[in-house]
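Only one structure is covered here, and it is reproduced in the block below.
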Ligand SMILES: [Zn+2]
């Protein structure tokens, strides 16, 4: 592709996930988004974008009716027992995307016409969606002790050549002599057929920082840290249920005066971690010799620093930002593992090492690459919101000709919100 063709090229991510359709069934919602957007709410609060149109910002702000676009939806009854039907839809989508990249689309611009090309650089989704849409043979459900077929499509962790997945040994498995593509022969998704190299094909399927951290490692960190507060009698006296109620009231008071206020289910973890850090600063003052508490406090502080830095940054991180984010992420992960080791030595079930921790390691390590893309570009908070809207349409329209009805209602909704 030459420079004139790139002038009107729009980089996009595809995404997909299952939403809840009628009577607790599911529907796969597939869509796409421009990677460039109007930044994050923190950028807006900081006034970053004012008067600087040339800035390349993340796509977090604005109604998802306008910032995300629907490609298709498919009810799970269609593909649950026949996954080849979902695969056929993905193949059609891949053909459309390849055509949009190769030939582009003629659109009116001012008095003339230009050819706009969409360049799809990856597919975002939670781990189950990546597995289903990418036909991945190595995925989180394959985690086996001591090793098996592999639990990560991005490396050879948990296979015979690298049984461990929670250490950094997997970084040695990314060479051509060891790394194998994460799909069966002849079963590769059409989405990546034009990409050269097994590792590059695997990296098209992007793990989502939102599910990996907010709903994964950080949710476990928050839950475990609250239990440790109770272990150390921060809330003294009364039954366990009463003490939990005091945690709730304390946290609710803190949340009333905290940002962000307009997030949906991702906000809880962010606010709880900020609150917990203040609590552990207090507890550490009372127990200055406890390495366990100091380590939890450090993990909380590094977690907050990591995301605060990313949410304040633009689409591309400067060298200094990339280094600071990577260091905060590495220190956060190291502190979390030390917390897990302390809990293990104490014989208490806290700070569980779950497969999402492995994907968190991949996300943090990707920050060492230059130019350094802000990993929040791969996050699915906004996509979750969009998928919830399409799922709501799935439940609202007549179930006869469901797919067609959803697409028609979608067009009406977009027209209402544009
Ligand atoms: Zn891996």
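Across the chain, the mean sequence separation of Cα contacts (distance under 8 Å, 6 or more residues apart), normalised by length, yields a relative contact order of 19 percent. Highest-first packing order for the peptide set 365-377, 205-217 is 205-217, 365-377, based on the mean count of other beta carbon atoms within 10 Å.
The range 380-416 and the range 126-150 have Cα centres separated by 29 Å.
Short version: what are the Cα gyration tensor semi-axes of the range 189-289, square root of 5 times each eigenvalue, largest first, in whole Å?
Three semi-axes, in Å: 39, 16, 12.
Figure the gain on full extension for residue 66 and residue 9 (residue separation times 0.36 nm, minus the Cα-Cα span) and round it to one decimal in nm.
18.6 nm
Summing -39500 (n - 2.57) over the DSSP H runs of n ≥ 4 in the chain and dividing by its residue number, what mean residue ellipticity at 222 nm do you reach, to the nearest 500 deg cm²/dmol?
So the helix-based figure for the chain works out to -15000 deg cm²/dmol.
Computed as a quarter of the hull surface, the mean projected area of the alpha carbon convex hull for the range 146-186 stands at 2.9 nm².
Direction-averaged shadow area of the convex hull around the Cα atoms of the range 82-159, nm²? The partial results should precede the final answer.
Working: hull surface 28.2 nm².
With the hull built on Cα positions only, its mean projection is 7.0 nm².
Within the range 81-221, the percentage of alpha carbon pairs spaced more than 21 angstrom apart rounds to 52%.
Each Cα pair under 8 Å and six or more residues apart adds its separation to the average, and for the range 270-398 the resulting relative contact order is 24 percent. The equivalent ellipsoid that matches the C-alpha gyration tensor of the range 302-379 spans semi-axes of 27, 11, 10 angstrom, in descending order. Label-to-label distance, residue 111 versus residue 282, with points set 7 angstrom from Cα along the beta-carbon direction: 6.9 nm. Taking the C-alpha atoms only, the angle from helix 240-256 to the longest principal axis of the chain is near 60 degrees.
The long axis of helix 355-365 is offset from the longest Cα principal axis of the chain by roughly 80 degrees. The distance between label points at residue 417 and residue 174 comes to 3.6 nm (points 7 Å beyond Cα on the Cα→Cβ vector). The order of the peptides 77-89, 330-342 by mean Cβ neighbours within 10 Å, most packed first, is 330-342, 77-89. Convex hull volume of the C-alpha atoms in the range 209-376, normalised per residue: 119 Å³.
Counting only alpha carbon atoms, the long axis of helix 381-396 and the longest principal axis of the chain meet at about 60°. Annotation for residue 187 and residue 312: the two label points, set 7 Å from Cα along the Cα-Cβ direction, are 4.6 nm apart. The calculated FRET efficiency for the pair residue 239 and residue 24, based on their C-beta separation and a Förster distance of 30 Å, comes to about 0.30. Over the C-alpha atoms of the chain, the Rg to Rh ratio, Rh being the Kirkwood estimate, stands at 0.98.
Values in this text are rule-based calculations from the coordinates and carry no lab data. Because the structure is a prediction, the values reported are computed rather than measured. Heads up, the Cβs are rebuilt from the backbone with ideal geometry, glycines too, and the neighbour counts pull from every protein chain shown.
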